[in-house]
Amino acid sequence: MIFVADTDVLIDFLRDRGDEARRIELELKTGRLCTSAVSAFELWVGATSPQEKTAVGTLLGAISIIPLDAPAANDAGEVFRTLKAKGITIGMADSLIAGICLSRGAMLITRNKKHFSRVQGLKLSGDYRTSSDD
């Protein structure tokens, strides 16, 4: 099984915060941990100081980055359309991340259960609490 780390838990790892940081550290050792191109982008956007840029570069250099390819884009579009038809949304970036995970049968490691639990068929890691900043 591929484990895809969402941006929030990667930030927790970089800031050495709690259970999320320890889980990412353990998964890094297994070689199964990946992230999405979307989360990589979000990390680079948030890295403003030279130290943050170095830390992000080191982290992203240690894991695989899954691209947004045609099957993932199709799945992401389906996620976005399906949720919009129900009158709920999770945002474009989260739809793209969900599509990437769905297209590969990967499990998403995130604290953002509120949004991602809305996506039918998406596997979520059970080890994370719901984010309070949704």
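Where does the chain land at 222 nm, in deg cm²/dmol rounded to the nearest 500, when only DSSP H runs of n ≥ 4 count, each adding -39500 (n - 2.57), divided by all residues?
-17500 deg cm²/dmol
Provide the gained length on full extension for the span Thr48 to Arg22, in nm with one decimal, where the gain is 0.36 nm per separating residue minus the Cα-Cα distance.
6.9 nm
Can you list residues whose amide H is under 5 Å from Ile66's amide H, if they're 5+ apart or on another chain and H is modeled 1.01 Å from N?
HN-HN under 5 Å from Ile66: Thr35, Ser36, Ala37.
Starting from the Kirkwood Rh over alpha-carbon pairs, what translational D in µm² s⁻¹ does the chain have by Stokes-Einstein at 20 °C and 1.002 mPa s?
144
Subtract the Cα-Cα distance of Arg81 and Arg32 from 0.36 nm times their separation in residues, and report this length gain in nm to one decimal.
Net length gain for the segment: 14.6 nm.
Fully extended, how many nm does the chain gain between Asn74 and Ala55 (0.36 nm per residue separation, minus their Cα-Cα distance)?
That pair, Asn74 and Ala55, stretches by 3.6 nm at full extension.
For Cα pairs less than 8 Å apart in space and 6+ apart in sequence, what is the mean separation divided by the residue count of the stretch 16-115, i.e. the relative contact order in percent?
Value for the stretch 16-115: 26 percent.
Bear in mind that the values in this text are calculations on the coordinates, not laboratory data. Quantities reported herein were computed from a predicted structural model and do not represent experimental measurements.
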